[in-house]
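Heads up: the structure comes next, in structure tokens.
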Amino acid sequence: SAAARRPWRLFGAMCLLRLPRITQPLETVEEEMAALMQQIELEKSHYSDHEMRKLEEEEQLKRRKESFYDEDEARGKTVIMAQDLEEKWEQKFLQFKAAPRITDADKSNDRTSLNRKLDSNLMLLVKQKIGNQELWLLPQVEWQPGETLRSTAERAMATFLGDHIQAKVLGNAPFGIYKYKFPRAIRTENNVGAKVFFFKAFLQSSDLSQAELKADYLWVTKKELADYLKLEYLKKVNRFLLD
Amino acid sequence: PSRAQPKKKKKVDVRKEQAQKERMKKKLKKLEKAAPELIPIEDFITPLKYSESNRVRSLPTLSPEESERRVLLLKKWCLFKQKQDEAEKKAIKALVESQQEALRELRLESEELYEAAIRRDEGLFPFERDGPSYTPPLPGYDPPEGKCIDITKVYTQ
């Protein structure tokens, strides 16, 4: 079958995903439910050691105020109360400042940065010349005889991002296909059109400073794909993308 | 010159030692025959100090509005989860269909590429990944000193 004339040209494309780094915000139902679950857990629980200590110390304080007991005060030892401990822990917590969930790249809508939209998947799009048009596509290169389609896709990734990219390709099988016929002007007997096979990979390293980016590129979420991809292409790509 | 008397002692000793060894072996066999003790799961055994009565929390009883609100919230949650599950299943179905279509088209193209595509990828599993956290990692953060020593008891059968 290698000798048979195939009218379709084969391309391998790679959909490189940067997985989310932070959790997605909760819906209202989820938040209410979480609060309810905590409340129920509190109601069904017994007092812990720390709470017992707090209760006992409150009792002691009350007794001391009501019956002017000098014995305890005469001891001279400073006893750390559970309440003081709690305040100390609260202070320490307030001093800690976590990294912001909405980054600078989010605010400036810098779509070439990987630090944007940390709670969703980001996909790599590159500008490629197809025929005489410059289009935004998932990185693709033509298949060459002697390699599997997966290696074609990996080669596509390496062409645009350099060799030092660390990505985990999800299996040998393609995830989707986009078939199109060439415009009548360049269509021949042997060259009816092209089939683009999509592969999926997860980006492992978060540091792409070593990558030599050779063309215009963007990292976009699934919703933003519609801004860049053509309709038919987008339909096929959306089928294998889980949001 | 040594006479018969010391020699007798040695023989008796040897026999006594042999009898001792057999007794030990019998004891070992008895212990081995007994069923192995089950490893206790420490999480399921509540320590006795928590069942004291003064530990019981004293809370006001739920008002009817509150219990009504809770029941309605649970029903909303049920519906929400059902919709979420259906959406997930639909997405997975679309994914599988897309892959099947791609493999069909590939087969039409060339058998060898198809065979290469349906081969199992040995390097894929086991696949490990850290899940997302609430805030992104703070660059250059130095956690306060102190370390945790693991004191979980490990039981062997």
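Worth pointing out:
- Shielding of peptide A:191-202 by partners, expressed as the average count of other chain Cβ atoms within 10 Å per residue Cβ, is 2.
- Modelled this way, with points 7 Å down the Cα-to-C-beta line, the labels at residue B:122 and residue A:38 are 5.0 nm from one another.
- Summarising the amide proton neighbourhood of residue A:176: residues at separation of 5 or more, or on other chains, whose placed amide H is nearer than 5 Å comprise A:198.
- CD proxy at 222 nm, helix term only [per DSSP H run n ≥ 4: -39500 (n - 2.57); per residue of chain A; nearest 500]: -10000 deg cm²/dmol
- Burial order of peptide ranges A:12-19, B:135-142, A:101-108 (average beta-carbon count within 10 Å, highest first): A:12-19, A:101-108, B:135-142
- Fewest-first sequence of B:44, B:80, A:240, A:96 by Cβ atoms within 10 Å of each Cβ: B:44, A:96, B:80, A:240
- Length added when fully stretched, residue B:11-residue B:54, from 0.36 nm per residue minus Cα-Cα: 8.5 nm
- For region A:114-120, the Karplus equation 6.51 cos²θ - 1.76 cosθ + 1.60, evaluated at θ = phi - 60°, returns couplings of 7, 8, 9, 6, 5, 9, 10 Hz by residue, with Gly and Pro reported as x.
- Using a simple spin-label model with pseudo-atoms 7 Å out from Cα toward Cβ, residue B:138 and residue A:223 lie 2.9 nm apart.
- The label point for residue B:90 and the one for residue A:101, both projected 7 Å from the Cα toward the Cβ, are 2.6 nm apart.
- Here residue A:85 and residue A:62 are evaluated by their C-beta separation; at R0 = 22 Å the FRET efficiency comes out at 0.65.
- Hz values of 3J(HN,Hα) by residue in region B:101-112 - Karplus curve (6.51, -1.76, 1.60), Gly and Pro given as x: 4, 4, 5, 5, 4, 5, 5, 5, 6, 8, 5, 5
- In a reduced charge model with +1 at each Lys and Arg Cβ and -1 at each Asp and Glu Cβ, the protein assembly as shown shows a dipole moment near 3140 debye about its Cα centre.
- Compactness of region B:102-157 - radius of gyration and Dmax, Cα, Å: 24.0, 63
- Nearest-0.05 FRET efficiency for residue B:45 and residue B:18, computed from C-beta distance (R0 45 Å): 0.50
- Kirkwood Rh in Å, taken over region B:1-106 so that all alpha-carbon pairs contribute: 24.4
- Volume per residue for the protein assembly as shown equals 422 cubic angstrom (convex hull of Cα atoms).
Only the coordinates and a few stated rules stand behind these numbers; no lab work does. Values in this document were obtained by computation on a predicted structure and should not be read as measured data. So basically every Cβ, Gly included, is an ideal-geometry build from the backbone, and we count neighbours across all protein chains shown.
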